[in-house]
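Everything on this sheet refers to the single structure shown next.
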Amino acid sequence: MRRLALALLLVLTAAAQTAGARAEQAALSAPPSLPSATVTQREGQDATVLRIDGVLTPEVAAKLDTAIARLPAGRPLLLELDSPGGYTNAGYAMIDRVMAEREAGRRVATAVRAGETCESMCVALYMAGAQRFAAPSSTFMVHAPRGLATGTVTLKSTGRMVDRLVSLGASPAWIETVREAGGFSGRTDFRTTAEALAANGSNVVTHLVP
């Protein structure tokens, strides 16, 4: 009886250790949890302003979707951005929603204020605006997207990002400039100002504003 009890104890201990190891491995392999951006709304004289400050996450995409759904039909929208980027799937979902609103007839513009930034996935979202405003000193950064869990760059995800930027209006010549500077290699962040983007024919920034 004592031997049976000891055998059962050893089996349960081994099972617990195995379960613990699996849980630890799952925690190590899980994508990092990023804090979601804030989404705020105010009414301007000519448009509703939705402002996003921070990381683009699925929660932010859901908030944007809800906010847009509540807008009166035909009410113009200005999307203000100050973001380091975030989850690519969330960003693509936000772009698709904005483009659907434009196709339905809503006027949508985007903006980045002086001293603020639009980086990584934010640049593609910024380009979803028909008119794209930016202060000359605001900064933009593009690079090859990285997997959140692995930190790796793939040709597929990079190609998808480049294709989306071009489809939203980015000049192929500017894309090639970024590529030649290593901006899509995974080794370099291609950073520039709105003033430079407006001057070099990139068609990223369409209007410089104070």
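The values are calculated or read from the model by the stated rules, or taken from the named source; none is laboratory data. These numbers were taken from a predicted model, which means no experiment stands behind them. No Cβ is skipped: glycine too gets one built from the backbone with ideal geometry, and neighbour counts run over all protein chains shown.
Suppose we filter the stretch 121-160 for residues that are of a type in the set (S, T, N, Q) and modelled with pLDDT under 95; how many remain? Write out each step before concluding.
Going through the stretch 121-160, the residues of a type in the set (S, T, N, Q) turn out to be 131, 137-139, 150, 152, 154, 157-158.
Those left that are additionally modelled with pLDDT under 95: 150, 152, 154, 157-158.
Number satisfying all stated conditions: 5.
Checking residue 44 against (1) within 21 Å of residue 209 (Cβ to Cβ); (2) modelled with pLDDT of 95 or more, only one condition comes out false. Which one?
Residue 44 satisfies all of (1) within 21 Å of residue 209 (Cβ to Cβ); (2) modelled with pLDDT of 95 or more except (2).
Do we find that residue 167 is at pLDDT 95 or above and surrounded by 15 or more Cβ atoms within 10 Å (Cβ to Cβ) in this structure?
So residue 167 does not fit the description; no.
Among the residues of the stretch 63-76, are any closer than 30 Å to residue 104 by Cβ, modelled with pLDDT under 95 and among the small types (Gly, Ala, Ser)?
Looking for residues that are closer than 30 Å to residue 104 by Cβ, modelled with pLDDT under 95 and among the small types (Gly, Ala, Ser), one finds at least one in the stretch 63-76, hence yes.
Restricting to the stretch 170-202, count the residues that are surrounded by fewer than 18 Cβ atoms within 10 Å (Cβ to Cβ) and over 18 Å from residue 145 (Cα atoms).
Within the stretch 170-202, residues that are surrounded by fewer than 18 Cβ atoms within 10 Å (Cβ to Cβ) and over 18 Å from residue 145 (Cα atoms) number 9.
I'd like the full set of residues that are touching a residue at least 24 places away in the same chain (Cβ under 8 Å), out of contact with any helix residue (DSSP H, G or I) (no Cβ under 8 Å at 6 or more places or on another chain) and closer than 16 Å to residue 53 by Cα, limited to the stretch 113-144.
113, 114, 116, 117, 119, 120, 126
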